[in-house]
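S.K.: Mind having a look at this structure? Questions to follow.
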Amino acid sequence: MTAVRDGDVERLGLLFERYKRQLYGFFYGMNRNQELSEDLVQNTFFRILKYRHLFRGEGDFRTWMFHIARNVSHDHYRKDKLKWKESVEDWQDKLGHEENREGEMQSTETNVMLAMAMARLPHDKKEILLLSKYQEKKYKEIGEILGCSEGAVKVKVFRALQELKVIYQQLEKTM
Amino acid sequence: MEQNKIEELVAKYNEGLTDPSEVLQLEQLIEEGKVDLTQLRSLDRLDEQLIAIESPATSLAMDDKFYAMLIKEKKKQASSSFKFSLPSWNWLAPRLAFSVALVVIGFGAGYMFNTKADPNVELLTKQVADLKESIALSLFEKESATDRLKAVSLTTEMDQVSKKVTEALFQTLNNDPNVNVRLASLEALIPYSKDGNVRAELIRSIGKQDSPLVQVALAELMGMILEKKSVTEFDKILKNDKTPLEVKNRIKESIKVLI
């Protein structure tokens, strides 16, 4: 990224190839919408390019990227006033759509149910679990993104997992 | 809290027997780093399952949009670094006349060979393809096997690859330390196996492989494209005492198809 910042913008392509799946996975985990997630990936890289001079080069690029991604995601939802919560019925509708079916059909029943439970989590809890996943449980780095301590991140992950477990168990009973 | 008390609390949590005040205590211990999240078995299992869920693949349109944006930025950068100074008339006049003539010829030729394709779109498509190629070639050079796999994957998204790319794919197929990367590059070369040069290189590659997986994959490919010239190379592998029996059998099956 330091090379990109210093003018070699073409090298952003390398970073895009390296991180596009993780970034897309983060957005897709947040909204379950393929097209929207791709747009948000594009917006994130647009901001990275626009604000490249602000990359200080002290920390990890991925941490900086997720910091921007989080802002992109927040801005999008603030602008469109979309609802965070989805009902199980919405979810079943989504699973029926052509674009989602292909991926979801390959998943096991457990995975589908877990994804449904994730969709029902409050936004902040869903976000912390996705950051934990795509930042490979590097809690210190997640703390830098969220502006809190490593210990506080662990507690947030703990609480989010606890709630996810409760929702998952409820879904298990209803299915 | 003493270590044995902490362990008791964790055990109690894992049994699902903690009350809300004990959960708060646990949170405190997690924050202080005295309890690791992986110790909480049911949550850890859930977390691992969550990590295992894969999101759908991204579309090629996303890549194209990104590369188009990058090209636009490169152009902007190039134009902003251009310093303009007023040239002399003697220097400018012949060049201006030549440019005008070129424009007139261009218009004339355009009128004569008018096609419906938008030249701007064509140019952008070409630039995106060139940029993707350049990124793929850079990724081939990376130390990380994941990056090299990404390079191979990027080449599979290209409509047509250049000689440079096929050379990089062969370089990878013949020399990459990672078997998965070698296998991926072989797969990426399959669409080009109609080309005589690619076929010849594939045959040469047979003798360079020491991985049974790649040897078998090459044997299957040669069987699929009915490349009889590969038999001599496979015979050498069959005569080699170090070749595993399973590999020999698979190669023999492919040879049967070829002769």
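Read-outs: derived from the displayed coordinates by stated rules, not from any lab. The shown structure was predicted, so the numbers you read here are calculated from the model rather than taken from an experiment. Because the Cβ atoms are built from the backbone with ideal geometry, glycine has one as well, and the counts that use them run over all protein chains shown.
S.K.: Treat every Asp and Glu Cβ in region B:24-71 as -1 and every Lys and Arg Cβ as +1, leave all other atoms uncharged, and give the resulting dipole magnitude about the Cα centre to the nearest 20 debye.
M.R.: Using Cβ point charges on Lys, Arg, Asp and Glu, region B:24-71 gives about 80 debye.
S.K.: How large are Rg and Dmax for chain B when calculated on the C-alpha trace, in angstrom?
M.R.: 30.2, 93
S.K.: Consider a paramagnetic label point 7 Å from the Cα of A:His74 along Cα→Cβ; state which residues of region A:141-174 have an amide N under 19 Å from it.
M.R.: Answer for region A:141-174: A:141-150, A:152-154, A:156-157.
S.K.: Of the listed peptides B:234-245, B:208-219, what is their order by residue-averaged count of other C-beta atoms within 10 Å, with the highest listed first?
M.R.: By packing density, highest mean first, the sequence is B:208-219, B:234-245.
S.K.: For peptide B:64-75, how many partner chain Cβ atoms fall within 10 Å of a residue's Cβ, on average?
M.R.: Rounded to a whole number, the mean comes out at 4.
S.K.: Got a sec? Charge dipole of region A:1-83, +1 on Cβ for Lys and Arg, -1 for Asp and Glu; which of A:Phe27, A:Val4, A:His53 is way out at the positive end?
M.R.: Of the options given, the answer is A:Phe27.
S.K.: For B:Lys256 and B:Glu32, FRET efficiency with R0 = 56 Å and r from the beta-carbon atoms, rounded to 0.05?
M.R.: Calculated value: 0.25.
S.K.: How far, in degrees from 0 to 90, does helix B:145-156 lean away from the longest principal axis of the Cα atoms of chain B, to the nearest 10?
M.R.: Between the helix axis and the principal axis of chain B, the angle is about 40 degrees.
S.K.: Between the helical axis of B:60-80 and the dominant principal axis of chain B, each derived from Cα atoms, what acute angle in degrees is found, rounded to the nearest 10?
M.R.: 60
S.K.: Could I ask something else about it? Obtain the radius of gyration and the Kirkwood radius of region B:1-68 from its C-alpha atoms and give Rg over Rh.
M.R.: Reported Rg/Rh (Cα atoms, Kirkwood Rh): 1.33.
S.K.: Picking from B:Glu143, B:Glu220, B:Glu22, which is most flexible by a Gaussian network model of chain B using Cα springs under 10 Å?
M.R.: B:Glu22
S.K.: Here's something else I'd like to know. Against the longest principal axis of chain B, how steep is helix B:196-206, in degrees 0 to 90 to the nearest 10, with axes from Cα atoms?
M.R.: The two axes meet at around 30 degrees.
S.K.: A further question follows. Under the Kirkwood approximation for Rh and a Cα-based Rg, what ratio Rg/Rh is obtained for region B:139-192?
M.R.: 0.91
S.K.: Moving to a separate point now. What does the structure give for B:140-147 when I average, per residue, the other chain Cβ atoms found within 10 Å of the residue Cβ?
M.R.: 1
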